[in-house]
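> Pasting a structure here, questions to come.
Every number in this text was worked out from the coordinates using simple rules, so none of it is lab data. Predicted model, so just to flag it, every value in this text is computed and none were measured. Neighbour counts run over all protein chains shown; Cβ positions are idealised from the backbone, glycine included.
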Amino acid sequence: MKLTDNEKREVLKLIEAGRPLPDKYRFLLFDDKREVELIWNGKTNEVTNIVLPFQVIEQVDEPRAEKAASLQLDLFDTRGRQKSGWTNKLIWGDNKLILSSLKNGAMREEIERNGGIKLIYIDPPFDVGADFSMDIEIGDPSTGSGQVDTFTKRPNVLEELAYRDTWGKGADSFIAMIYERLIIMRDLLADDGSIYVHCDWRVNGYMRLILDEIFGENSFRNEIVWQRTGAHNDAGRFGVVHDTIFFYAKTERNYFAPVFIPLSDEHLSSRSK
């Protein structure tokens, strides 16, 4: 603890008066080594440790007959039955409770026994409005009948509540939401695992600081920028034409498989001009 006599007197005076200490004492008193930190209203390092049971609603244990076996990858075994275990599961519910149950529940042993979780990709909500409606087509025109029905899926109560709790209370509510979940994801990842976080211009500045704080700035690997098609300039500014995917590794031992995509002839010819 590196406090001068004057600073010690000031701390005692503030405590006796029941007043909050200035931010500088948080670093001086607790010897925090972080040089940069993201602060928001209500910040806490506490995470959910609840364990809930998983209930099976539906099980798909046969491959689609009209698809070639080579296209089924390793979802099914040679008998056409779904492989058992914790893999290939679609879990519905609040992802914070699911992550907590995976981390602290009985399934964690099975996950670790099979090498642990190597990769996590998340696409958290953007601040794009509270309309969760979407048009869903039912039917397949390629079957010959050509009959395709369309209905509009309206937001349910859970989605409206999730939007309100995520964005309705301001940016700090979003940061608090994603911060706790990322801590649990970090703890779930195997030592050679990595995480990819998709975000857009609304939160990518926050997201980079959050990931640096949770995983460490040395765990940053790449900022992947992908460009949309059909974007145009807005009035008074350039159009928003890209999203961002942050790639972080848990440790230096992370597994990485390089991706090579050859340039097209058209692209090569344009570069040579």
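> Could you tally the net charge around residue 255, taking each other residue with its Cβ under 9 Å from the Cβ of residue 255, Lys/Arg +1 and Asp/Glu -1?
Details: positive: 118, 253; negative: 192.
Surrounding charge for residue 255 is +1.
> What's the extension gain from residue 49 to residue 89 if we count 0.36 nm per residue and subtract their Cα-Cα distance?
Values: separation 40, 0.36 × 40 = 14.40 nm, distance 2.13 nm.
Gain on stretching residue 49 to residue 89: 12.3 nm.
> Where q = 0.12, 0.19, 0.29 Å⁻¹, what log10 of I(q)/I(0) comes from the Debye formula for the stretch 166-225, counting one point per Cα?
Log-scaled intensity ratios, in q order: -0.30, -0.73, -1.44.
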